[in-house]
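Only one structure is covered here, and it is reproduced in the block below.
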Amino acid sequence: MTTQDRTDAGAGILLVDDMEDNLLALEAVLASLNEPLVRARSGEEAMKALLRHRFAVVLLDIRMPGMDGFETAAHIKRLDQTKDVPIIFLTGTDADAGYAFRGYATGAADYLTKPFDPWVLRAKVSVFLDLHRKTRELETLLTTRREHTDQVDARLAALEKHLAAPSPDLTEIRTQIGELRTLVETNRAL
């Protein structure tokens, strides 16, 4: 399954925690962002969700049975289709002091301890949502520019072929040059 095959409409937020209360708290804090919130109760569920849908950010608990947050993050960062998804690690205040370092070393974009300030979490997630939207806009613009460039290349090849003819039709050449100018101007406007 390619990145384009994964759902992108309203790329949302993946919430990964084995505790129902924590998932409910995250949903309550992030509901006002009006983005899809998808739950995963384990690292395995998180990986399945990431392969099915596009996410702007993952909020990942560190302490979970089975595959913990560090292992899950390592799997996320290892796959081409998920390696660029930012991860915010969440962990209890009693966590080992080395957790933050290990989290960043695993590829986390940020690290918060519980209980977290809801305003801070919402602000951090909002930044990643905005970055995701802007990245998608840039990808669309790049695709459009590539398509225009391919059209210009095709028109130039046709013009070169026409010019190589024993007696080129000047009216046709002027028409082709006009079409090329239009394509170039359209590309500049993007």
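The values are calculated or read from the model by the stated rules, or taken from the named source; none is laboratory data. Note that the structure is predicted; figures quoted are calculated from it, not measured. Here the Cβ positions follow ideal geometry from the backbone for every residue, glycine too, while neighbour counts run over all protein chains shown. Just so you know, the surface numbers come from the protein's heavy atoms only, side chains and all, with ligands and any DNA or RNA stripped out. Shrake-Rupley method; radii C 1.70, N 1.55, O 1.52, S 1.80 Å.
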statement: Between the modelled labels at ARG136 and GLU27 (7 Å from Cα along Cα→Cβ) the distance in nm is 2.2 nm
- prompt: Can you give the charge dipole size of region 68-190 about its Cα centre, rounded to the nearest 20 debye, using +1 on the beta carbon of Lys and Arg and -1 on the beta carbon of Asp and Glu?
  reply: 180 debye
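Rounded to the nearest 0.05, what FRET efficiency is calculated for PHE101 and ASP153 with R0 set to 45 Å and r the Cβ-Cβ distance?
0.35
Taking only protein heavy atoms into account and a 1.4 Å probe, give the accessible area per residue of region 86-190 in Å².
Details: 6940 Å² over 105 residues.
Spelled out: the 1.4 Å probe surface of region 86-190, per residue, equals 66 Å².
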query: Roughly how many percent of the accessible protein surface of region 77-135 is carbon and sulfur, given a 1.4 Å probe and a whole-percent answer?
result: 58 percent
task: Between ARG122 and ASP169, take the C-beta separation as r, use R0 = 45 Å, and let me know the FRET efficiency to the nearest 0.05.
output: 0.10
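Going from most exposed to least, what order do LYS48, LYS83 have by accessible area with a 1.4 Å probe? Walk me through the intermediate numbers first.
Numbers: LYS48 120, LYS83 90 Å².
Ranked from most to least accessible, the order is LYS48, LYS83.
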field: Area accessible to solvent at MET47, 1.4 Å probe radius, in Å²
entry: 20 Å²
statement: Per-residue accessible area, 1.4 Å probe, largest first, puts HIS53, HIS132 in the order HIS53, HIS132
Signed unit charges on C-beta, dipole axis of the chain, positive-most listed residue LEU138, THR182, SER167: SER167
- prompt: Leaving out same-chain residues fewer than 8 places away, which lysines sit with a Cα under 26 Å from that of LYS83?
  reply: LYS48, LYS114, LYS124, LYS134
